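Asks: My structure is below; once you've seen it, I'll send some questions.
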């Protein structure tokens, strides 16, 4: 059987983590290819519905990452985001959504190594947990991914 | 078809359901779900809630489900390829244990979906549904079926109707060819009934509270009576609970759901009580305030439908009043129209 | 009761208010909201232990506001809703005449928001022990069990939006669920659409919910929606030291921050 390769979506801020991921690349540090990076202006812009959409569209894990506290390009975006994440994790956990599939981190533009670690560790953790079957079973795509509409 | 009367023993009901299922007929019936009663597919009589006055939701979903796939499509560089959904692709189903108001509610739906370019998705499901209703031994303060032309023993719309005539016997009325066909499945459980049996003795007494013709005439004349609608709807909060539990409300919405390659078109329930219902793309909303939406709800059922489809869009089941979070009681509002409006 | 009738009659007669929002007898034993516009209608007012509905939502209803100056019979949760609405700039001090109905059946006039705030700190604003128990029972489950629990509950949802309509805090002219560019929430009432809608609503009410229970009471399908937002009250209170609906000039817990907000999950 083929090994399970999780799909990980990373929502990162433009100013720190995206630059950090860039540094990982320019420093030739190898890291897992399971991650798809989506750049946002700021973690403060990453609405929780966006995370839900990722699960809906087949993500097995999510990374949300931005500037360290006090380093936000817009001064306070990450502070606001942090509060929301605290509440969101509570809500999702209570609603039965597996919060260990969402990894939050601070990665600065200078932390190329840390970014590689965050991705590699998340991928390893999600491999352990397995695919997010439960969420996929209720996803909208089940309406058109049954037999019939496929194979065109 | 000439009505036929039979007797069925209560103790044979489980066998009857078994026969339906073993012969490949899915059975839809009221089922307890915590405090509410849903209409769902059942596997045996045990799960069926026969003791309740009325299910929370109406039986309309047997032919008009809350989400219904009407089209599938795929997209590629060349364009969109459509894969129509066959409306006839549904199974012959037994709708069991509903009330006479549910059964007769289908008459309004038949009229709406059958008018003009007929709606095959509804009609073919309806055609394949055999309705076995139970007459009502009791009624409550929300019921007013007798005021809108129905009754606790009304057989309109039913294919078979069961009436409890003693502790262990049910009177079975075979009313239509479809009902006849269904009755053959459990014919060995039926015995002949005394044709002199009077079922009215075993059903609830629901008082007539208003004269329907007069309500229709007065509602029809009240379009411009802004005061009346405002007064009635002041506490309405504009949710869609009334429409979604109603056995005759038929408004729907279409929504596409897709990814980059495939998609489906869905038909969903909608409600004229929502502010978004009439909102134009321009931002203009012809029914800007809740009183206008309430007027639409009442007028559609008691003025437009009688005029255009020759049926009243209400069965008097009172579900809307029971479901309403703010206790808008339709019976009371109709009585008020009857009393307050002068034509 | 006579005090109430006398007071409202006087308020209407001397034109202090144009309409009084109170409780009246509904169908059978139900209690409903009534709008008393003149002294001939005051006799319809009732006040019993069943008058638990939160009437504050009507303060924002277009057609009610149009009648003129409003008076309201506010129970404890309505007072809290009003404070929260004030903090979100939806109502102003002095705009509404507030008659408070205490649990013991006595009526007090609140002259301004300050006196409401002073009263609110003296009462128990927590959720009931029954609700606490239900939340504790859910919290004791595994994540997968909770997933199954909520899926079963949301399966019943018909998306009538009664929860949103009944909630005094759901006053947005354009709800996220009504936005279709982009379409955040599937309109359809299937599993995904229902889950997204209820999560969105809970998240948008986090830190704003005053635990009045109107959403769950309104739900025709008997879904315990209130538990979703109630569960967030404790963490928000302990982590951010914030409770909704206590002060008219409060800053919303999720639109502010402290540099030293504590968490243990960000690496």
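The values are calculated or read from the model by the stated rules, or taken from the named source; none is laboratory data. Note that this is a predicted model, so its numbers are computed, not measured. Methodologically, a virtual Cβ is constructed for each residue, glycine included, from the backbone with ideal geometry; neighbour enumeration extends over all protein chains shown.
Rundown of residues vs (1) at pLDDT 95 or above; (2) part of a loop (DSSP other than H, G, I, E, B); (3) touching a strand residue (DSSP E or B) at 6+ places or on another chain (Cβ under 8 Å), yes/no style:
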position: C:42; (1), (2), (3): no, no, yes
position: C:51; (1), (2), (3): no, yes, yes
position: C:63; (1), (2), (3): no, no, no
position: C:72; (1), (2), (3): yes, no, yes
position: C:77; (1), (2), (3): no, no, no
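Asks: On to the next question. Looking for something touching a strand residue (DSSP E or B) at 6+ places or on another chain (Cβ under 6 Å) and in a loop (DSSP other than H, G, I, E, B) - is there at least one such residue anywhere in the range B:170-190?
Replies: no
Asks: Moving to a separate point now. Among B:236, B:242, which is the only one that is farther than 30 Å from residue B:78 by Cα, crowded, with 24+ Cβ neighbours inside 10 Å and within 11 Å of another protein chain (Cβ to nearest Cβ)? Give the steps one after another, and end with the answer.
Replies: Details: B:236 fails: crowded, with 24+ Cβ neighbours inside 10 Å.
Result of the check over B:236, B:242: B:242.
Asks: Search the range A:42-57 for residues being touching a strand residue (DSSP E or B) at 6+ places or on another chain (Cβ under 7 Å) and closer than 24 Å to residue C:257 by Cβ, and hand back the single one that is surrounded by the fewest Cβ atoms within 10 Å (Cβ to Cβ). Steps first, please.
Replies: First pass over the range A:42-57, keeping only residues touching a strand residue (DSSP E or B) at 6+ places or on another chain (Cβ under 7 Å): A:42-43, A:46, A:50-51, A:54.
Then keep just the ones that are closer than 24 Å to residue C:257 by Cβ; that gives A:42-43, A:46, A:50-51.
Working: A:42: 20, A:43: 29, A:46: 22, A:50: 16, A:51: 21.
Filtering first and then ranking leaves A:50.
Asks: Report the residue count in the range A:21-34 for those that are within 27 Å of residue A:76 (Cα to Cα) and either in a loop (DSSP other than H, G, I, E, B) or in contact with a strand residue (DSSP E or B) (Cβ under 8 Å, 6 or more places away or on another chain) (or both). Show your work before the answer.
Replies: Pass one, the range A:21-34, residues within 27 Å of residue A:76 (Cα to Cα): A:21-24.
Keeping just the survivors that are either in a loop (DSSP other than H, G, I, E, B) or in contact with a strand residue (DSSP E or B) (Cβ under 8 Å, 6 or more places away or on another chain) (or both) gives A:21.
Count: 1.
Asks: Oh, and also: Restricted to the range C:165-176, and to residues that are away from chain A (no Cβ under 14 Å) and assigned to a loop (DSSP other than H, G, I, E, B), which residue is farthest from residue C:56 (Cα to Cα)? If you could, list the steps in order and put the result at the bottom.
Replies: Within the range C:165-176, the first condition is being away from chain A (no Cβ under 14 Å), and the residues that meet it are C:165-174.
Right, trim to assigned to a loop (DSSP other than H, G, I, E, B) and you get C:167-174.
Details: C:167: 9, C:168: 6, C:169: 9, C:170: 11, C:171: 11, C:172: 15, C:173: 17, C:174: 20 Å.
Among those residues, the one meeting the criterion is C:174.
Asks: Looking at (1) over 23 Å from residue B:239 (Cα atoms); (2) within 23 Å of the chain's Cα centre (by Cα), which is the only condition residue C:64 fails?
Replies: (1)
Asks: Quick one: in the range C:250-267, of everything that is surrounded by 14 or more Cβ atoms within 10 Å (Cβ to Cβ) and closer than 12 Å to residue A:76 by Cα, which residue is nearest to the other protein chains (Cβ to nearest Cβ)?
Replies: If we take residues in the range C:250-267 being surrounded by 14 or more Cβ atoms within 10 Å (Cβ to Cβ) and closer than 12 Å to residue A:76 by Cα, then C:257 is nearest to the other protein chains (Cβ to nearest Cβ).
Residue-by-condition table, conditions (1) at pLDDT 95 or above; (2) within 14 Å of chain C (Cβ to nearest Cβ); (3) within 30 Å of residue C:188 (Cα to Cα):
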{"position": "A:128", "(1), (2), (3)": "no, no, no"}
{"position": "A:132", "(1), (2), (3)": "no, yes, yes"}
{"position": "A:138", "(1), (2), (3)": "no, yes, yes"}
{"position": "A:144", "(1), (2), (3)": "no, yes, yes"}
{"position": "A:147", "(1), (2), (3)": "no, no, yes"}
{"position": "A:150", "(1), (2), (3)": "no, no, yes"}
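Asks: A further question on this structure: I need a count of the residues in the range A:58-78 that are in contact (Cβ under 8 Å) with a residue 24 or more places away in the chain, more than 7 Å from every other protein chain (Cβ to nearest Cβ), over 21 Å from residue A:127 (Cβ atoms) and not in a helix (DSSP H, G or I). Give the derivation first.
Replies: Within the range A:58-78, the subset in contact (Cβ under 8 Å) with a residue 24 or more places away in the chain is A:58-69, A:71-74, A:76-78.
In the following step, the residues that additionally are more than 7 Å from every other protein chain (Cβ to nearest Cβ) were identified as A:58-68, A:71-74, A:77-78.
Subsequent filtering for residues that are over 21 Å from residue A:127 (Cβ atoms) retains A:66-68, A:71-74, A:77-78.
Now drop any that are not not in a helix (DSSP H, G or I), which leaves A:66-68, A:71-74.
Total meeting the criteria: 7.
Asks: Let me ask you something else. Looking for whichever is farther than 30 Å from residue C:151 by Cβ, surrounded by 22 or more Cβ atoms within 10 Å (Cβ to Cβ) and in contact with a strand residue (DSSP E or B) (Cβ under 8 Å, 6 or more places away or on another chain) here; the options are A:61, A:66. Which one fits?
Replies: Working: A:61 fails: farther than 30 Å from residue C:151 by Cβ.
Result of the check over A:61, A:66: A:66.
Asks: Which numbered condition trips up residue C:181, out of (1) in the same structural domain as residue C:151 (by TED's automatic domain parsing); (2) in contact with a strand residue (DSSP E or B) (Cβ under 6 Å, 6 or more places away or on another chain)?
Replies: That leaves (2) as the condition not met.
Asks: Would you check which residues across the range C:145-174 are surrounded by fewer than 18 Cβ atoms within 10 Å (Cβ to Cβ) and within 24 Å of residue A:56 (Cα to Cα) and list them? Don't jump to the end; show me each part of the working.
Replies: The initial filter retains those residues of the range C:145-174 that are surrounded by fewer than 18 Cβ atoms within 10 Å (Cβ to Cβ), namely C:145, C:148-149, C:151-152, C:155, C:171-174.
Listed by number, the residues that qualify are C:145, C:148, C:149, C:151, C:152, C:155, C:174.
Asks: In addition: Output the number of the condition that residue A:81 fails; it satisfies all remaining conditions of (1) within 11 Å of chain C (Cβ to nearest Cβ); (2) crowded, with 18+ Cβ neighbours inside 10 Å; (3) part of a loop (DSSP other than H, G, I, E, B).
Replies: (3)
Asks: Of all residues in the range B:54-96, how many are more than 13 Å from the chain's Cα centre (by Cα) and either within 14 Å of chain A (Cβ to nearest Cβ) or at positive phi (or both)?
Replies: At the first step, the residues of the range B:54-96 found to be more than 13 Å from the chain's Cα centre (by Cα) are B:67-94, B:96.
Within this subset, residues satisfying the condition of being either within 14 Å of chain A (Cβ to nearest Cβ) or at positive phi (or both) are B:67-86, B:89.
So the count comes out to 21.
Asks: Can you tell me which residue within the range B:191-236, out of those that are touching a strand residue (DSSP E or B) at 6+ places or on another chain (Cβ under 7 Å) and part of a helix (DSSP H, G or I), is modelled with the highest pLDDT?
Replies: So the first thing to find is which residues in the range B:191-236 are touching a strand residue (DSSP E or B) at 6+ places or on another chain (Cβ under 7 Å), and the list is B:191-193, B:195, B:197, B:199, B:202-203, B:234-235.
Now narrow it down to the ones that are part of a helix (DSSP H, G or I): B:199, B:202.
Working: B:199: 89, B:202: 93.
Within the range B:191-236, the match that is modelled with the highest pLDDT is B:202.
Asks: State which residue is nearest to residue C:221 (Cα to Cα) when the search covers only the range C:145-164 and only residues that are more than 7 Å from every other protein chain (Cβ to nearest Cβ) and touching a helix residue (DSSP H, G or I) at 6+ places or on another chain (Cβ under 6 Å).
Replies: Among residues in the range C:145-164 that are more than 7 Å from every other protein chain (Cβ to nearest Cβ) and touching a helix residue (DSSP H, G or I) at 6+ places or on another chain (Cβ under 6 Å), the one nearest to residue C:221 (Cα to Cα) is C:157.
Asks: Could you run through the range B:34-54 and say how many residues are touching a strand residue (DSSP E or B) at 6+ places or on another chain (Cβ under 6 Å) and part of a loop (DSSP other than H, G, I, E, B)?
Replies: 3
Asks: Determine which member of the set A:104, A:55 is more than 7 Å from chain C (Cβ to nearest Cβ), touching a residue at least 40 places away in the same chain (Cβ under 8 Å) and not in a loop (DSSP other than H, G, I, E, B). Before the answer, list the steps.
Replies: Values: A:104 fails: more than 7 Å from chain C (Cβ to nearest Cβ).
From the options A:104, A:55, the qualifying one is A:55.
Asks: Among the residues of the range C:123-144, write down those that are more than 9 Å from chain A (Cβ to nearest Cβ), surrounded by fewer than 16 Cβ atoms within 10 Å (Cβ to Cβ) and in a helix (DSSP H, G or I).
Replies: Correct list: C:129, C:130, C:132, C:133, C:136, C:137.
Asks: Here's something else I'd like to know. Evaluate the range A:86-100: report whether one residue or more is in contact (Cβ under 8 Å) with a residue 24 or more places away in the chain, out of contact with any helix residue (DSSP H, G or I) (no Cβ under 9 Å at 6 or more places or on another chain) and surrounded by fewer than 20 Cβ atoms within 10 Å (Cβ to Cβ).
Replies: The answer is no; no qualifying residue exists.
Asks: Of all residues in the range B:274-288 being in contact (Cβ under 8 Å) with a residue 24 or more places away in the chain and within 9 Å of chain C (Cβ to nearest Cβ), which is nearest to residue C:193 (Cα to Cα)? Quick ask: steps written out before the conclusion?
Replies: Kept after step one, since they are in contact (Cβ under 8 Å) with a residue 24 or more places away in the chain, are these residues of the range B:274-288: B:274-275, B:277.
Okay, now just the ones that are also within 9 Å of chain C (Cβ to nearest Cβ), so B:274-275.
Values: B:274: 18, B:275: 20 Å.
Per the criteria, the residue is B:274.
Asks: For the range B:300-309, indicate whether the set of residues that are closer than 29 Å to residue C:190 by Cβ, assigned to a helix (DSSP H, G or I), within 14 Å of another protein chain (Cβ to nearest Cβ) and under 18 Å from the mean Cα position of the chain (by Cα) is non-empty.
Replies: Initial filter on the range B:300-309 (closer than 29 Å to residue C:190 by Cβ): B:300-301.
The next check asks that each one be assigned to a helix (DSSP H, G or I); those that pass are B:300-301.
When the remaining residues are screened for being within 14 Å of another protein chain (Cβ to nearest Cβ), the result is none.
No, every residue in the range B:300-309 fails to be closer than 29 Å to residue C:190 by Cβ, assigned to a helix (DSSP H, G or I), within 14 Å of another protein chain (Cβ to nearest Cβ) and under 18 Å from the mean Cα position of the chain (by Cα).
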